[in-house]
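Novice: I have a structure here, written as structure tokens, and I will follow up with some questions on it.
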Amino acid sequence: MKLQNQRFLISGIVQGVGFRPTVYLLAREHHLTGWVINTAQGVEIEIHGTEENCDAFTRSLRENPPALAKVDSFVVSQAPLYIYAEFEIRQSKDQPGNFLPVSPDIAICADCKRELFDPEDRRYRYPFINCTHCGPRFSIVQDIPYDRATTSMAGFPLCPDCAREYHDPADRRFHAQPVACPACGPEIWYEVNGERVSRRENALKDARAAIRQGKILAIKGLGGYHLACDARNESALKTLRDRKRRTGKPFALMASSIQVIEKFARLSDQERKMLDSPQAPILLTETTEAGRELARLVAPDQTRLGFMLPYTPLHLLLMQPELDFPEVLVMTSANLSEEPLAYQDDEARIRLAGLADAFLMHNRPIHMRVDDSVVTELRGEAYLVRRARGYAPGQLRIPAAELPILGAGTQLKNTFCLAREHYAFVSHFIGDLENQETLDSYEQAVEHYEKLFRIHPQALACDMHPDYLATRYAQGRSKQENLPLTAVQHHHAHLAACLAENAWESSEPAIGLIFDGTGYGTDSSIWGGEILVGGYQSFERRFHLLPVRLPGGDLAVQKPARTALSWLEAAGISTEESTLPSICALGEEESAVVRAQIKNGFNAPLTSSMGRLFDAVASIMGICHKITYEAQAAISLESAADPDEKGFYSVLLEGEVIDPRMMLREIVQDLRAGVSIPRISARFHNSIIRASLEACRIISKETGVRHVAISGGVWQNMRMMRALLPALEAESFLPLYHHSLPSNDACVSLGQVMVALQSLNK
């Protein structure tokens, strides 16, 4: 019987996910001796035993790693023969300057859920039950190595029972850093007007009573506070909207079970899996008839609702089914519109005083605020709308970064990106950098990521727009630290981000379908309807939407009727004494002002924005004339579309221009002929897909390029994505789209990094 030693080096997200205990148990199962250790490179293992047992161990570990692990590299090599007395878990090694990926926060697992409701378990109904397979990670970690002393659990010394579990390699709580129980861990309380009214079980009873009474409850969760109320209580919803200053933007919902969600939404098997996954995101899904009734209160004018399941033990306890307790709660971020999520207790008491009637709080500190993630389903996978809890800060593998670098991101839906060696860490969703509070949150997060991943940037990248706060941050830091700064065109960054996500290492170009609302162009105008050809190093603007005036600038973004008038004028459609909905919405006086702005160009910059074209069409059709949240008009336009309509309008491609003026004339003709709004909306969407496909044909005929990278906020329109992908594939194009990051501006920071690295390497 031949004996041997094998050495393993496994990298990726392999720490804080139960990897070492899995290895320990597998080694014992296969009668092996040796050791396993966490290092700065990942997990190192050495085993000693028979060739047969070593091979069986290797197969088991390859095929069945811990559920939360993400293995990037699995290297096995022979080691000198050495006989170990037993298999042991060795103390972690930390080497200054090295980094390890940190696991995202994970929803409660099935084992902990079962214990939570087991009267015989010592953690029965304990709101902070967790193990190696679930619970907080990123939101509580302060530094690496990821040990209890470097988390916000450091202030809760383990009781003897928890310590025994923590130190037992065979226990699923082995080195679970947040492990606790009622004897040694955090606790909850119910608070009104700054006074603690009740604690523990009584706090839960009081919180549930408040919701029954139609009150607004602030709940301290995993990565920050939520505002919760009964989703069927119209009065409570109106109060919440008034207090949050949120007139139309949909609210997220939390349901007690998947079965409850299926009363209001149609779920595929893939969607059920997403809801019940370790990430437990908010899932945007199509409503049923019952859901449409709910949507009128929760998500006005929408055909989709955003549902999530309880993902912490506290949420499960709060939402435990009972005859007189609502099955569905609004569970929205606790903040005023445009402000960052409240996450610290004293801050929450001040900022939420005018929003919440009562508070359900706890004393486990949150170190880093993290919003809920939002996804929809595309081809059986999660297609991200907002990447945060459950997904961030998971790393992306990229072509080697020659030096550590920071991509500062953009203004809206900001993220930043830090990269070193073969890894890029794109931050969780920060928000729109439009006020000091969000900028402060951004700077805090940058500092934390740099510390956590030990990345000290030696270069910076930013958007070309001179007025973006992220750009100014990068400029200031470049000057202060004497670091090279690369300004990257917005849509080029979108293209590069999509390529990087798809492991693009080729120097060959790809076609970039980059459609969004706003991006600063190389000619200083506002771009947004761009079809590029290029890669990381450079790009050509092959097609772009016909530029029109944006009368009033940002005011036109808020009032699509203004953009509608501009497009109608461009299309040669008379707007004088017109009965078109958009003109009526403006009124005679404002229409006259807008016409003057279009004519003389005063405060009316040119834009090729596809997002603004969607806004204009929504207004022309009478769907939306004024928006209260980003992309409201486009979302409403998508919701209105007839899924069975196959017709389309005429969009011309001439030279470098995508010209929709004939399409607009045909839309107006249909409106006047009494064609239904759903049919017109569907034909509009079909027309944009058809024009995009034709542009790809032209470019491919000229260049031979067959890969098509799809990015930009417009491509969060699922009708568009679900039509475009098969249309491209039917003509042998190879579509590349986002799998790990949203297609909106949240991906731009990664693209900035990729472009800047190429520029610096020249």
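Coordinate-derived values only; no laboratory data. This is a predicted model, so every value here is computed, not measured. Every residue, glycine as well, gets a Cβ built from its backbone with ideal geometry; the counts of neighbours run over all protein chains shown.
Novice: In Å and on Cα atoms, what radius of gyration and Dmax does the stretch 1-85 show?
Specialist: In Å, with Rg to one decimal and Dmax whole: 11.9, 36.
Novice: Between ARG28 and ASP523, what is the spin-label point distance in nm, taking each point 7 Å from the Cα along the Cα→C-beta axis?
Specialist: 7.0
Novice: So, one more: Which pairs break 25 Å Cα to Cα here: LYS220/LYS413; LYS2/LYS70; LYS70/LYS113; LYS244/LYS559; LYS413/LYS701; LYS113/LYS263? Numbers along the way, then the final one.
Specialist: On the way: LYS220/LYS413 23 Å; LYS2/LYS70 33 Å; LYS70/LYS113 23 Å; LYS244/LYS559 21 Å; LYS413/LYS701 36 Å; LYS113/LYS263 23 Å.
Among LYS220/LYS413; LYS2/LYS70; LYS70/LYS113; LYS244/LYS559; LYS413/LYS701; LYS113/LYS263, the Cα-Cα distance tops 25 Å for LYS2/LYS70; LYS413/LYS701.
Novice: So how tilted is helix 661-673 from the main axis of the chain? Cα-based, degrees 0 to 90, rounded to 10.
Specialist: Compared with the principal axis, the helix lies near 80 degrees.
Novice: Take every Cα pair under 8 Å in the stretch 41-177 that's 6+ residues apart, average their separations, divide by the length, and report that relative contact order as a whole percent. Walk me through the numbers on the way to the answer.
Specialist: Numbers: 107 pairs, mean separation 26.2, N = 137.
Rounded, it is 19 percent for the stretch 41-177.
Novice: Hey, fewest Cβ within 10 Å first, where do LYS2, LYS215, LYS70 land in order?
Specialist: Lowest to highest Cβ neighbour count: LYS2, LYS70, LYS215.
Novice: Pull out the extension gain between ASN761 and ARG245, defined as 0.36 nm times the separation in residues minus the alpha carbon to alpha carbon distance; nm, one decimal.
Specialist: On the way: separation 516, 0.36 × 516 = 185.76 nm, distance 4.80 nm.
Gain on extension, ASN761 to ARG245, equals 181.0 nm.
Novice: List the relative contact order of the stretch 1-68 as a percent without decimals, with contacts defined as Cα pairs under 8 Å and 6+ residues apart.
Specialist: Values: 98 pairs, mean separation 29.3, N = 68.
Answer for the stretch 1-68 is 43 percent.
Novice: Next question. Find how much the distance from ALA290 to LEU3 grows on full extension, using 0.36 nm per residue of separation minus their present alpha carbon separation; answer in nm with one decimal.
Specialist: Details: separation 287, 0.36 × 287 = 103.32 nm, distance 6.54 nm.
Net length gain for the segment: 96.8 nm.
Novice: Give the separation of the Cα centroids, the stretch 269-329 to the stretch 546-584, in Å.
Specialist: Spelled out, the Cα-based centre of one part sits 38 Å from the other.
Novice: Need the full-extension length gain, ARG272 to SER732, defined as separation in residues times 0.36 nm minus the C-alpha distance. One decimal, nm. Working shown, then result.
Specialist: Values: separation 460, 0.36 × 460 = 165.60 nm, distance 3.19 nm.
Result: 162.4 nm gained on full extension.
Novice: To continue, here is another question. Would you mind putting 432-438, 753-759, 518-524, 408-414 in packing order, based on average other-beta-carbon counts within 10 Å, highest first? Walk me through the intermediate numbers first.
Specialist: Values: 432-438: 15.7, 753-759: 25.1, 518-524: 18.1, 408-414: 26.9.
Answer by packing, highest mean first, reads 408-414, 753-759, 518-524, 432-438.
Novice: Among bridges DSSP assigns within the chain, what percent are antiparallel (round to 5)?
Specialist: Details: 86 of 114 bridges.
Percentage antiparallel, nearest 5: 75.
Novice: What dipole magnitude, in Debye to the nearest 20, does the chain give about its Cα centre under +1 on Lys/Arg Cβ and -1 on Asp/Glu Cβ? Walk me through the numbers on the way to the answer.
Specialist: Details: 80 positive and 94 negative charges, 85 e Å.
About 400 debye.
Novice: How would you rank 161-169, 579-587, highest first, on the average number of other Cβ atoms within 10 Å across their residues?
Specialist: Working: 161-169: 15.1, 579-587: 18.9.
Put in order of decreasing packing, that is 579-587, 161-169.
Novice: Please give the helix 610-620 orientation as an angle from the longest Cα principal axis of the chain, in degrees from 0 to 90, rounded to the nearest 10.
Specialist: It works out to around 60 degrees.
Novice: Describe numerically, in nm with one decimal, the distance between label points set 7 Å from Cα along Cα→Cβ at TYR166 and at GLU508.
Specialist: According to this spin-label approximation, the distance is 5.5 nm.
Novice: Where does the Debye-calculated log10 I(q)/I(0) of the chain sit at q = 0.06, 0.10 Å⁻¹, using only Cα point scatterers of equal weight, no solvent?
Specialist: -0.39, -1.07
Novice: With r as the distance between the Cβ atoms of GLU381 and GLU120 and R0 = 45 Å, compute the FRET efficiency 1/(1 + (r/R0)^6) and round to 0.05.
Specialist: Working: r = 40 Å, r/R0 = 0.88.
Here the calculated transfer efficiency is 0.70.
Novice: Given Cα pairs under 8 Å that are at least 6 residues apart, what percent is the relative contact order of the stretch 244-295?
Specialist: Numbers: 33 pairs, mean separation 19.5, N = 52.
Normalised by residue count, the contact order of the stretch 244-295 is 38 percent.
Novice: Mind checking which of VAL557, THR22, SER92 is farthest towards the positive end of the chain's charge dipole, using Cβ charges of +1 (Lys, Arg) and -1 (Asp, Glu) about the Cα centre?
Specialist: VAL557
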